[in-house]
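First comes the structure, then the notes that go with it.
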Amino acid sequence: MEFIYNIISGWASAGYLPEIFQHTFMIRGMLAALIAGPMLGALGTVVITKKLSFFTQTIGNAAMSGVAIGLLFGEPVDGTYAGLYGFCLIVALVMTFVKNRSRLPNDTIIGVVLAQVLGIGIVLMTIVTSQFNIHQVEAILFGSLITLNDQDLLALAAASTGAGIIFLLFFNRVMLGSFNPVLAKARGLRPVLLEYVFVTLMTVVVVSSLKLIGALLVLVLIVVPAAGAQNIVNNLRQFVWVSILFATISTAAGLFLAGFLPVPTGAVIVLVSSFLFYGSLLLKPFITKRSVTQA
Amino acid sequence: MPHTAEEQRETLLEIRNLNVTLGGNHILQDVNMDVKYGHIHAIIGPNGAGKTTLMRSITGGMPHTGTIRFMFRENGRIGYVPQLLEFDHSVPITVFDFICLMLQDFPLFLSRKKHKLKRVKEILEVTDSAHLTDRLMGSLSGGEFRRVLLAQALVPLPEILLLDEPASNVDEVGARQFESLLLRLKKDHGHSILMVGHDIQRILDIADRVTAINRTVTFDGSPQELKDPARVAALFGLSAMPLGAGAANLQQETS
């Protein structure tokens, strides 16, 4: 990793990049932003179509418990990966299982689980914070450029590469299953299995992005770029690409600004993505070709 | 009754002793029926009679007892047009996107539109909907939407088409267009069509055979036998209408 950091900081010293990229933490953060942004943007299009926005928030909330569980089981304070990925995946898969087995509406199930993981999280955090540095937990909640380390970056790169390949392989089928599961099933697909695949992908990418964006704010980055894209696009192809573009601009510009401001990275990323959302809303009448509710 | 040439047709779908129980309710009881090759076969019945449950059993989406047997000659494909296609109307999926999602595994957002446009238009042309290619799915009228759904059900070419309430949410003109389309598919391609419907007059106009159900089969025969309004009223449990002798005959027939 040092090799890459040296090259990029060399460019910054030579004036090809802003001076702030002489710092390793900034380079590391920007690399993370350029990996997480496109991935979250692409996944966001399916999240919006499947109406899974608050599902993502539940995974973010579960991360609090995940970190605490990792620490309790003796994982190092800056690398609670087993606790984080393990607990968040369990929560995501249990929620999908209950959703497919119960007649309760999706938002009710998410509400039930959201409350439960918050309860577990608060209890465990209270126990954990009496023994560990609260700033590590804060980093997970709000995102932190300073505590992001090489391990986090590599985990994000590996998760995004794996998730990206599976996403490309299954995109059409997942999208059709999301658009309407009954029709997908009639055409020989297995929408429930596809949902499990997608939820696993999403959880892995969301958890990998937590140190950069923060558990409480990751929902925004998966939903807002896709929602902003939805304001101005005319077809599915544009939907995916504009969402990727908005998410990448949000993470990269947010991170760049956070380098100058003494505030959490996630918060600035969220503000940039919100700016893009409202901007696209204002541009909507000039860009979209036709009304969606014409009929 | 002597067997007519129509009744000698080869059977495509055979349903025997079909029973469906959900939450303690016996929704379908000992349903027996045959669908013949090249027929438009209509299933009618009052609301809550179990029509959609029957359709879902046939498509494999409903646990049941009894046998549902297809006797396919070729590819064994079933084309299905669901009654309601619930989806978020704000999702920016065009008719082109919708058809392409089913045509290819290669991610839609990486492929170039012009490579698939001709094929998609050909598919939509069959149901007179090629002009809808660039429209958003959420902006289609009920009739247009039905035609697009029917177009997707015809690819690859199925041996039987299952249509659940094809006339629901469709205006008068749209319903007429859709009926003539079904007749054309039957005539040009020899499609077998099994459809659930509630508009009796429409069904009598286009169907070759009608099965009425109200938990069990209450009538199975040619649409001409249902020209008597009293008989139809009896099938739909409309006691306010004068039932007359037709209802009495029906009782005998179904007992």
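List of remarks:
- Over all distinct Cα-Cα pairs of segment B:1-147, the Kirkwood formula returns a hydrodynamic radius of 18.6 Å.
- Prolate/oblate/rounded call for the protein assembly as shown, Cα gyration tensor, a/c under 1.5 rounded: prolate
- For B:VAL217, the residues 5 or more places off, or on other chains, whose built amide H falls under 5 Å of its own are B:ASN32.
- Put simply, when A:30-37, B:136-143 are sorted by average Cβ atoms within 10 angstrom per residue, most first, you get A:30-37, B:136-143.
- Taken over the C-alpha atoms, segment B:88-155 has Rg and Dmax values of 11.2, 31 angstrom.
- FRET efficiency, 1/(1 + (r/R0)^6) with R0 35 Å, evaluated for A:LEU154 and A:LEU72 via beta carbons: 0.90
- Backbone phi angles across segment B:177-188, fed through the Karplus curve with coefficients 6.51, -1.76 and 1.60 (θ = phi - 60°), yield HN-Hα couplings of 4, 5, 5, 5, 5, 4, 4, 5, 4, 5, 5, 6 Hz in residue order; Gly and Pro are listed as x.
- Averaged over peptide A:236-248, the number of partner chain Cβ atoms lying within 10 Å of each residue's Cβ comes to 3.
- With Cα atoms defining each centre, segment A:1-42 and segment B:146-195 are spaced 57 Å apart in the structure.
- For segment A:45-140: span of alpha carbons on each principal axis (Å, largest first): 42, 26, 18
- A cut-off of 5 Å between modelled amide H atoms, ignoring neighbours fewer than 5 places along the same chain, links B:ASP164 with B:VAL81, B:GLN83, B:VAL196.
- The amide H of B:HIS39, built 1.01 Å from its N in the peptide plane, has B:ILE193 as neighbours under 5 Å, considering only residues 5 or more places off or on other chains.
- Averaged over A:228-234, number of beta-carbon atoms from partner chains that fall within 10 Å: 2
- Rounded to the nearest 20 debye, the dipole magnitude of segment B:88-155 is 280 debye, with +1 charges on Lys and Arg beta carbons, -1 on Asp and Glu beta carbons, and the Cα centre as origin.
- Neighbouring Cβ atoms from other chains, within 10 Å of the Cβ of residues in B:107-116, number 4 on average.
- Rg and Dmax, both from the Cα atoms of chain A and both in Å, are 19.4, 62.
- Relative contact order of chain A, taken over Cα pairs closer than 8 Å and 6 or more residues apart, is 28 percent.
No value in this document is a laboratory result; all are computed from the given coordinates. All of these numbers come straight from a predicted model, not from anything done at the bench. Positions of Cβ are generated from backbone atoms using ideal geometry, with glycine treated the same way; all protein chains shown enter the neighbour counts.
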